[in-house]
1. What list do you get for Met321, Met236, Met94 if you sort them by fewest beta carbons within 10 Å?
2. Hey, got a sec? Which trypsin sites (Lys or Arg not before Pro) in the stretch 217-297 land in a DSSP loop and have at most 12 other Cβ atoms within 10 Å?
3. Which trypsin sites (Lys or Arg not before Pro) in the stretch 54-147 sit in a loop by DSSP (not H, G, I, E or B) and have at most 11 other Cβ atoms within 10 Å of their own Cβ?
4. I need to check one value: relative contact order of the stretch 17-230, counting alpha carbon pairs closer than 8 Å and at least 6 residues apart, in percent.
5. Got a sec? How would Asp107, Asp147 order by Cβ neighbour count within 10 Å, fewest to most?
6. Filter the cross-link list Lys180/Lys227; Lys140/Lys210; Lys29/Lys119; Lys26/Lys315; Lys95/Lys140; Lys26/Lys140 down to pairs whose alpha-carbon distance in this structure exceeds 30 Å.
7. For Arg47 and Arg70, calculate 0.36 nm times their separation in residues minus their Cα-Cα distance, and state this gained length in nm to one decimal.
8. Below 10 angstrom from the Cβ of Tyr247, what's the summed charge of the other residues (Lys, Arg +1; Asp, Glu -1)?
Amino acid sequence: MSSPNTPGATGTASAAPLLRVEHLKKYFKTNKGMLLAVDDVSFDIARGETLGLVGESGCGKSTTGRAILRLHEPTAGRVLFEGQDICALGRRDMKAMRQKMQIVFQDPYSSLNPRRDVKTLIGDSLEATGRRFSKEETEKMVLEVMDFVGLEKRLINAYPHELDGGRRQRIGIARALILKPDFIVLDEPVSALDVCVQAQILNLLSSLQKELGLTYLFISHNLSVVKHISNRIAVMYLGKIVEISDYRTIFSEPKHPYTQALLSAIPIPSVDQNRERIILEGDVTSPINPPPGCRFRTRCRFAQPVCAELCPELKQCGASMVACHAVKGDDGK
Ligand SMILES: Nc1ncnc2c1ncn2[C@@H]1O[C@H](COP(=O)(O)OP(=O)(O)O)[C@@H](O)[C@H]1O
Ligand SMILES: [Mg+2]
């Protein structure tokens, strides 16, 4: 697989960010209390950059992606796209903004209407433009984008059940691309696919990014999947970002105990056969009315009394930003 990563910046995006997420919160009211799915998350993504967002299932990755697009209305915080606070936009302006900000989902099968053919599935996306296109115009645009994502022309009248997982995901990508977006949230786009098809789709996403100058938030529960495509990687644990760094540093010098545990679970053939596998023990803190302090402390090898009292903030530690009381920041604290 090609490695499109170019050396990125660390805690923040290097150029003026295309997307800036500031203190984003998304809480859900449940009958057991308030569920803090995303709790004060901030990051930048530069134009043309890919930020990988990783963490275990249920840690709030999808909710973050959806809140950025306002598919879930954020509870608090700001999302700035090209400097504009999209949370302040009215319905009509938000609709126009959505063309620039698209999402591709994990399971292409469940996100595609089984009763529609490829032409309709991709062409229907154009409704978001609010413009009317003739049949001929629509078909021309559909064929163009099919070519872009590597779908054979002959499939234009096929139905989802006639296609394999890789082709279905290509439809999902085509539906987003036909709107000519600048930014795409890729929510576990290859998790439902076989390994060799995963590589094909990852390569497609990288080449589309280069060709079209796209910016990605690439969500995955699997660190090894984001490794090849991300410039920077943010690690999430129960609603919070615990570490964010360039992709090289995350893999060579993981600093947060949770990142270290995630990395130790990735099998690396031949090298480092003797490295320690960190098994996470202890109970996972509930995201519903979580107690104060660090949410990872119940599973952490380095937990100290302060971890139960104070929630650690992200601080600069060399090339990384890390939220951990046990890790010394550049300021010596
Ligand atoms: N619509 C919803 N209502 C209530 N809770 C939700 C809703 N969507 C997600 N959650 C909860 O928010 C948390 C984060 O979910 P999610 O963002 O889907 O995690 P991830 O994508 O990392 O697996 C989970 O505890 C999940 O149960
Ligand atoms: Mg998810």
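Just so you know, all these numbers are worked out from the coordinates, no wet-lab data involved. Everything numeric here is computed off the predicted structure, so don't read it as measured data. As a convention, Cβ positions derive from the backbone with ideal geometry for all residues, glycine included, and neighbour counts pool all protein chains shown.
1. So the residues, fewest neighbours to most, are Met94, Met236, Met321.
2. Within the stretch 217-297, the qualifying trypsin sites (Lys or Arg not before Pro) (loop, at most 12 other Cβ atoms within 10 Å) are Arg275, Arg277.
3. Here the sparse-neighbourhood loop sites are Arg115, Arg131, Arg132.
4. Relative CO of the stretch 17-230 lands at 27 percent.
5. Asp147, Asp107
6. In this structure, Lys29/Lys119; Lys26/Lys140 exceed 30 Å between Cα atoms.
7. 6.3 nm
8. Working: positive: Lys227, Arg232, Arg248; negative: Asp246.
Taking every other residue near Tyr247 into account, the sum is +2.
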